[in-house]
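Working notes, beginning with the structure itself.
The values are calculated or read from the model by the stated rules, or taken from the named source; none is laboratory data. Predicted, not measured: the structure shown is a model, and the values here were computed from it. Here Cβ is always computed from backbone atoms with ideal geometry, including for glycine, and neighbour counts include all displayed protein chains. The protein model used for the area step is the full one, side chains on, heavy atoms only, and it has no ligands, DNA or RNA in it. Shrake-Rupley method; radii C 1.70, N 1.55, O 1.52, S 1.80 Å.
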Amino acid sequence: VLPKGFRSGEVDITVVLNPRSRQFTITGHDVVNKLDEENGNNVASYTIRNDGSISLDGRQKFKLDQTFNKYVTDQELHLQDLMYHPQFILGQAQVISEKGSWGTDLAEFKLKRK
């Protein structure tokens with residue numbers, strides 16, 4: 001979650017899928033950025049389709065925390081192409097300025113069940 005040309009070794013991300021409430025909750029940070037967890041900014045409702053794809057109903061963007069990093073203005077983590085497997089979640093992620101002034105390269109990820 002750094003600007004183009006920089007790489008973070010690892011980002012500590014946790015996704016919780018609550019089947020009862022159908023809530024997708026994402027938390028995480030690296031040394032520079034953290035996802036904003038206030039006021040439900042890190043929560044979306046979700047649906048797992050028959051093909052295993054995950055649809056985040058109405059939200060694929062999650063704001064970064066401005067209090068954690070004073071240089072964050074309008075940056076968001078965008079998730080796409082999410083796929084569910086009982087042992088992991090696959091997808092692609094990118095940090096983009098809401099105004100479109102900059103963004104990171106799109107990166108694939110695999111989150112393993114703990």
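Could you work out how much longer the chain between His85 and Asp30 gets when fully extended? Use 0.36 nm per residue separation minus the Cα distance between them, nm to one decimal.
Stretched fully, the His85-Asp30 segment lengthens by 17.3 nm.
I want to check the label-to-label distance for Thr47 and Lys110. Put each point 7 Å from Cα in the C-beta direction and report it in nm to one decimal.
2.9 nm
Within region 33-107, report the GluC sites (Glu not before Pro) that DSSP leaves as loop and that have at most 12 other Cβ atoms within 10 Å.
Those that pass, being in a loop and sparsely packed, are Glu98.
Roughly speaking, to the nearest percent, how much of the chain's 1.4 Å accessible area is carbon and sulfur?
On the way: 3660 of 7540 Å².
Exposed carbon and sulfur together represent 49 percent of the surface.
Past the 22 angstrom mark, what percentage of all C-alpha to C-alpha distances in the chain do you count? List each step's numbers first, then the result.
On the way: 1872 of 6441 pairs.
Within the chain, distances greater than 22 Å cover 29 percent of Cα pairs.
Take a quick pass over the chain and tell me how many lysine pairs come in under 16 angstrom between Cα atoms, counting only ones 8 or more apart or on separate chains.
So the count of such lysine pairs works out to 5.
With a probe of 1.4 Å, find how much accessible area the chain has per residue, and write the answer as a whole number in Å².
66 Å²
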